[in-house]
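The values are calculated or read from the model by the stated rules, or taken from the named source; none is laboratory data. Worth saying up front: this structure is predicted, and the values here are computed from it rather than measured. So basically every Cβ, Gly included, is an ideal-geometry build from the backbone, and we count neighbours across all protein chains shown.
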Amino acid sequence: MAEQAPALGPVDFSTHVLSLASTVLIALGKMPGPDGESHPKDLETARHLIDVLGMLEQKTRGNLDEAETKLLASLIYDLRVAYVDAPGAASTGGCAIRTGLASPIV
């Protein structure tokens, strides 16, 4: 009989946003991929996923517990800073990353 892959743990909100944040860090070249290898930077994907996290923050406002709210806000802030600091981000429209505010980060 073939060996079964280990079952994945339960998915909760924090696990989901941490997974998205890890993918952003991989896309920014700040973390190796799951295979342990470095991957080329993909600023467009990083920006898109940061925007997804921002959208989740807006859409879940008032529905998260305090720990989830703080985790999400902290991740979004840290990832936006990492994105803006990434070489080449300015040339890909890095200043246009969505903040949930009326004006973009400058």
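For first residues located in segment 41-54 and without any contact (Cβ under 8 Å) to a residue 40 or more places away in the chain and within 11 Å of Arg80 (Cα to Cα), partners that are crowded, with 16+ Cβ neighbours inside 10 Å and among the β-branched types (Val, Ile, Thr) and lie 6+ apart or on another chain with Cβ distances below 6 Å form the pairs Leu49/Thr23; Leu49/Val24; Leu53/Ile76. Collect the residues in segment 17-47 that are more than 8 Å from the chain's Cα centre (by Cα), part of a helix (DSSP H, G or I) and surrounded by 14 or more Cβ atoms within 10 Å (Cβ to Cβ), keeping them in residue-number order. Residues satisfying the conditions are Ile26, Ala27, Leu43, Thr45, Arg47. Hey, among the residues in segment 1-16 that are within 26 Å of Asn63 (Cα to Cα) and in a loop (DSSP other than H, G, I, E, B), which one's modelled with the highest pLDDT? Among them, the one singled out is Asp12. Of all residues in segment 53-89, those satisfying the criterion of being among the aliphatic types (A, V, I, L, M) and loosely packed, with under 15 Cβ neighbours inside 10 Å are Met55, Ala67, Ala73, Val81, Val84. Per the conditions (1) in contact with a Gly (Cβ under 9 Å, 6 or more places away or on another chain); (2) over 16 Å from Leu18 (Cα atoms); (3) at pLDDT 95 or above; (4) not acidic (Asp, Glu), the sole criterion not satisfied by Met55 is (2).
The set of residues in segment 20-40 that are out of contact with any Leu (no Cβ under 9 Å at 6 or more places or on another chain) and free of Cβ contacts under 8 Å to residues at least 24 places away in the same chain comprises Ser22, Ile26, Pro32, Gly33, Pro34, Asp35, Gly36, Glu37, Ser38, His39, Pro40. Among the residues making up segment 58-99, those that are of a type in the set (Ser, Thr, Tyr), at pLDDT below 95 and out of contact with any Gly (no Cβ under 9 Å at 6 or more places or on another chain) are Ser91, Thr92.
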